[in-house]
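Engineer: There's a structure below that I have some questions on.
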Amino acid sequence: MGVVTGLMHLTCHRLRFFFHAVLGMGVVTGLMLITACRINTNIDIHVAGDGSGKVTVAVTADDDAVMAAPELISDLIVDDIIEAGWAPPIIDPIPADGGVIITTFKKFDSAHQLQPILDEIAGPEAIFSNLKLEQDSSFGETRWNFRTTINPSPQLEVFSDAELAEILDGQFFGRPAEEIEAALKASEYFFELDLKLTLQADILTPDNADDTTPEEGGVSTLTPNEVAGRTARWHFTYGDPIATISISSAANFNNPKIVRYVSIAAAIAFCVALLILVMARFMTVMSIPKGHRRRATRHRERRAATRAAESRKPLKRFLRLLIIDAHGVIVRPLTPFEGLLLPTIQKELPDIDTAFLRQRYHNLILGRITPEEFWSDIGLGPIGMKIETHYLSSYRLVPGLHEFLEKAAEQKLPVVAVSNQPRQWGERLRRMAQLEDLLDLWLTSGEVGAVLPQQSLLEAARRTMSIEVYDCLYLSSVSEHLDAAEQIGMITKHFAVGKDDTTGVSHSVVRGFADVLKTRNIG
């Protein structure tokens with residue numbers, strides 16, 4: 001035995017861990033051939049729910065092995081094991097029978113690290129091969145599937161390396177390896193292997209297979225010798241054939257399922273409550289008069305805010321649209337009803353009721369009645385068109401109008417005229433003054449349904465031309481009209497002709513058309 005022990009020390013740094021611990025680095029193998037020594041190896045694989053785990057190896061030698069080879073305890077060299085990441089082996093005596101247990105372990109972080117760790121026990125695929133550890137997760141459940149091929153009777157060469165094989169020259173303790181393997185297989189329980197597998201599981205299910213039906217290639221599938229809780233156990237002895245073990249686990253998590261059901265119930269309750277609120281809100285809205293509903297109120301507030309914002313625009317603006325008041329800037333007199341229409345009608349009907357005539361005139365310029373209806377209502381139906389022509393031809397054009405409009409066209413400045421009159425009178429007056437090609441638009445109160453100083457007529461003019469209100473300049477000779485335009489954000493200028501009195505006028509004054517187009521910057 002001294003020769004064998006010396007050989008063990010010379011080559012221990014090249015031997016596999018399994019040969020170190022299980023076979024006593026050569027000593028135990030020799031003992032088993034001449035004694036009834038028993039070596040039992042327990043490999044415990046524990047897999048946690050996240051795929052990490054630990055592999056524990058415990059080698060038990062009985063008292064015969066310890067007495068025959070005390071080097072198993074005193075001279076066991078474990079540097080290779082520690083360098084490989086295994087825990088320092090713990091050697092515990094067994095007081096009951098005088099034997100010894102050598103235990104070590106190594107942890108792994110993920111399932112794919114398990115096969116390399118098992119290879120370190122006896123060599124690549126020496127005992128464990130084709131290992132698969134796969135996880136399949138679904139809501140509230142995690143499944144692990146474990147499968148590997150076990151060779152409980154590996155050839156002795158796997159426990160050595162090239163250097164040791166050269167030294168031994170195919171001999172183990174003076175005998176060929178084949179003879180030693182045959183002796184091991186013929187002996188009873190000299191070498192035992194117990195494999196325990198623990199998976200996180202509520203249910204541990206071995207594959208439906210029996211150990212008498214070989215798979216393709218002659219490898220049988222073995223069911224566990226014992227299944228207890230989350231642990232399955234298999235027992236092998238040296239000489240057993242190669243076999244496959246396969247087992248699966250299912251871990252159910254009630255909390256996620258409870259949360260899911262509670263979430264579904266809460267979602268249904270929320271939808272019902274939301275539907276009730278929507279229906280209640282709908283009924284409440286429907287009970288409110290249309291003009292007083294929140295949407296209408298928001299629209300009014302939005303329009304008011306828009307007007308306020310537009311009124312706060314910077315004063316420095318660029319002139320993009322010129323709006324002129326027809327009565328005062330295009331023609332005179334300023335007050336067509338008192339200054340021209342009333343005297344014309346009174347020549348024909350001296351005793352006409354002025355209040356009645358004013359009321360019918362107001363309906364006329366709002367577009368509520370036509371000129372024909374107006375003349376008929378006041379009793380001048382047969383001669384109404386003649387009087388209308390005389391009335392319109394009595395207007396006086398403001399001097400310099402055509403030259404001014406031609407210059408505006410050259411500068412590509414659009415000009416719009418607004419007037420308090422029916423549409424037909426505006427069209428006739430435009431033709432009679434030969435302004436068809438010089439004005440971009442003549443918008444009358446009869447078309448809009450609003451008379452100056454109402455802002456609707458001014459808004460309609462600039463919206464028709466698609467120009468922002470703060471880029472519009474409004475010319476008029478009537479202060480009330482200018483006030484209305486200023487309130488919605490337009491630049492205003494009081495148009496005065498000749499020696500017109502402008503005392504008390506609060507708006508900028510321009511005297512004649514020459515001052516209007518001095519600059520496009522109207523800020």
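The values are calculated or read from the model by the stated rules, or taken from the named source; none is laboratory data. Predicted model, so just to flag it, every value in this text is computed and none were measured. All Cβ positions, even for glycine, are placed from backbone atoms using ideal geometry, and neighbour counts span all protein chains on display. Ligands, DNA and RNA are stripped out before the accessible areas are found, and what is left, the full protein with its side chains, is counted by its heavy atoms. Shrake-Rupley method; radii C 1.70, N 1.55, O 1.52, S 1.80 Å.
Engineer: Of these, THR35, THR29, which one is at negative phi, modelled with pLDDT under 80 and open to solvent by less than 20 Å² (accessible area, probe 1.4 Å)?
Structural biologist: On the way: THR35 fails: open to solvent by less than 20 Å² (accessible area, probe 1.4 Å).
That would be THR29, the only listed residue that is at negative phi, modelled with pLDDT under 80 and open to solvent by less than 20 Å² (accessible area, probe 1.4 Å).
Engineer: Can you find a residue that is open to solvent by less than 50 Å² (accessible area, probe 1.4 Å), of a type in the set (Ser, Thr, Tyr), in contact with a Leu (Cβ under 7 Å, 6 or more places away or on another chain) and more than 21 Å from GLN411 (Cβ to Cβ) anywhere in the stretch 487-503?
Structural biologist: Checked the stretch 487-503: no residue is open to solvent by less than 50 Å² (accessible area, probe 1.4 Å), of a type in the set (Ser, Thr, Tyr), in contact with a Leu (Cβ under 7 Å, 6 or more places away or on another chain) and more than 21 Å from GLN411 (Cβ to Cβ).
Engineer: Regarding GLU216, is this residue surrounded by fewer than 13 Cβ atoms within 10 Å (Cβ to Cβ), at pLDDT below 55, assigned to a loop (DSSP other than H, G, I, E, B) and within 60 Å of the chain's Cα centre (by Cα)?
Structural biologist: yes
Engineer: I'm trying to understand the selection: among the residues of the stretch 333-352, which are among the polar types (S, T, N, Q) and more than 18 Å from LYS386 (Cα to Cα)?
Structural biologist: So the first thing to find is which residues in the stretch 333-352 are among the polar types (S, T, N, Q), and the list is 335, 344, 346.
Correct list: THR335 only.
Engineer: Now, a different point. Here is a check on your reading of the model: is GLU388 assigned to a helix (DSSP H, G or I), farther than 20 Å from GLY328 by Cβ, at pLDDT below 95 and open to solvent by less than 10 Å² (accessible area, probe 1.4 Å)? Even if it seems obvious, please write down each step before you answer.
Structural biologist: Values: assigned to a helix (DSSP H, G or I): yes; farther than 20 Å from GLY328 by Cβ: yes; at pLDDT below 95: yes; open to solvent by less than 10 Å² (accessible area, probe 1.4 Å): yes.
So GLU388 fits the description; yes.
Engineer: Now for a separate question. Which condition from (1) outside any strand (DSSP E or B); (2) open to solvent by 50 Å² or more (accessible area, probe 1.4 Å) is the one that VAL509 breaks?
Structural biologist: (1)
Engineer: Which strands (runs of 3 or more DSSP E) does the stretch 94-206 wholly contain that include 2 or more residues that are modelled with pLDDT of 80 or more and among the β-branched types (Val, Ile, Thr)? Outline the logic, then answer.
Structural biologist: Values: elements: 99-108, 128-138, 141-150, 191-199, 203-206.
Strands (runs of 3 or more DSSP E) meeting the threshold: 99-108, 141-150.
Engineer: Within the set of pairs 6 or more residues apart or between chains, which connect a residue that is free of Cβ contacts under 8 Å to residues at least 12 places away in the same chain inside the stretch 222-240 to a residue that is assigned to a strand (DSSP E or B) and surrounded by 18 or more Cβ atoms within 10 Å (Cβ to Cβ) with Cβ atoms less than 7 Å apart?
Structural biologist: Listed by first residue and then by second, the contacts come to ASN225/TRP234.
Engineer: Within the stretch 59-67, identify whether any single residue is in contact with an Asp or Glu (Cβ under 6 Å, 6 or more places away or on another chain), surrounded by 14 or more Cβ atoms within 10 Å (Cβ to Cβ), modelled with pLDDT under 60 and not in a strand (DSSP E or B), and answer yes or no.
Structural biologist: The answer is no, given that none of the residues of the stretch 59-67 is in contact with an Asp or Glu (Cβ under 6 Å, 6 or more places away or on another chain), surrounded by 14 or more Cβ atoms within 10 Å (Cβ to Cβ), modelled with pLDDT under 60 and not in a strand (DSSP E or B).
Engineer: Exactly one condition in (1) open to solvent by less than 50 Å² (accessible area, probe 1.4 Å); (2) over 16 Å from LEU195 (Cα atoms); (3) modelled with pLDDT of 80 or more is false for THR56; which is it?
Structural biologist: Among (1) open to solvent by less than 50 Å² (accessible area, probe 1.4 Å); (2) over 16 Å from LEU195 (Cα atoms); (3) modelled with pLDDT of 80 or more, the lone unmet condition for THR56 is (2).
Engineer: Okay, moving on. Which condition number in (1) open to solvent by 60 Å² or more (accessible area, probe 1.4 Å); (2) touching a residue at least 24 places away in the same chain (Cβ under 8 Å) is the one that HIS112 fails?
Structural biologist: Every listed condition holds for HIS112 apart from (2).
Engineer: Scan the stretch 332-360 for residues that are touching a Leu at 6+ places or on another chain (Cβ under 8 Å), open to solvent by 20 Å² or more (accessible area, probe 1.4 Å) and more than 29 Å from GLY498 (Cβ to Cβ) and jot them down.
Structural biologist: Those that are touching a Leu at 6+ places or on another chain (Cβ under 8 Å), open to solvent by 20 Å² or more (accessible area, probe 1.4 Å) and more than 29 Å from GLY498 (Cβ to Cβ): GLU348, LEU349, THR354.
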